[in-house]
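I have placed the structure first, in the form of structure tokens, so that the comments after it can refer back to it.
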Amino acid sequence: MQYYDDQDLPKFGAIAEDNKELADSFFKWYGQVFQDAELTKREKNLIALAVAHAKQCPYCIDAYTEASLESGCSKGEMMEAVHVAAAITGGATLVHAVQMRNKADGLSM
């Protein structure tokens, strides 16, 4: 059985069936977040694509690949955004080695 089904993404709006007020609030806020402001919608799509990869959300990867292409991003720009996410994720993992080293040093003394 496959857990991820790309046909499920369009069903996301169904979350409103269980709590319309909260879902409506979320979708209103979500829509506002992606409007042009200090950052363009195009820039926000690239950020969302990078975050989608860092969070490993296949639904978001699909959605923001499409949104990035529609907003004029090239595959090269998209790949570069993914590399930024990978570098930050990798760095965030590695910086925790300081904690490991501190603990190991404390136990070794």
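Each value in this text was obtained by applying a stated rule to the coordinates, not by laboratory testing. Since the model is a prediction, treat every value here as computed from it, not as a measurement. Note that each Cβ is placed from the backbone with ideal geometry, even for glycine, and that neighbours are counted across all protein chains shown.
Take segment 48-68 and flag every residue that is in a helix (DSSP H, G or I) and of a type outside the set (Gly, Ala, Ser). Across segment 48-68, the qualifying residues are 49, 51, 53, 55, 58, 59, 60, 61, 62, 64, 65, 66.
For segment 1-26, the candidate set comprises residues that are touching a Phe, Trp or Tyr at 6+ places or on another chain (Cβ under 9 Å) and aromatic (Phe, Trp, Tyr); within that set, the residue that is surrounded by the fewest Cβ atoms within 10 Å (Cβ to Cβ) is 4. Note on segment 55-84: residues that are surrounded by 15 or more Cβ atoms within 10 Å (Cβ to Cβ), among the small types (Gly, Ala, Ser), out of contact with any Lys or Arg (no Cβ under 9 Å at 6 or more places or on another chain) and over 17 Å from residue 12 (Cα atoms) amount to 1. When you check residue 51 against the structure, is it surrounded by fewer than 12 Cβ atoms within 10 Å (Cβ to Cβ) and either touching a residue at least 60 places away in the same chain (Cβ under 8 Å) or of a type in the set (Val, Ile, Thr) (or both), yes or no? No; evaluated as a whole, the condition is false for this residue.
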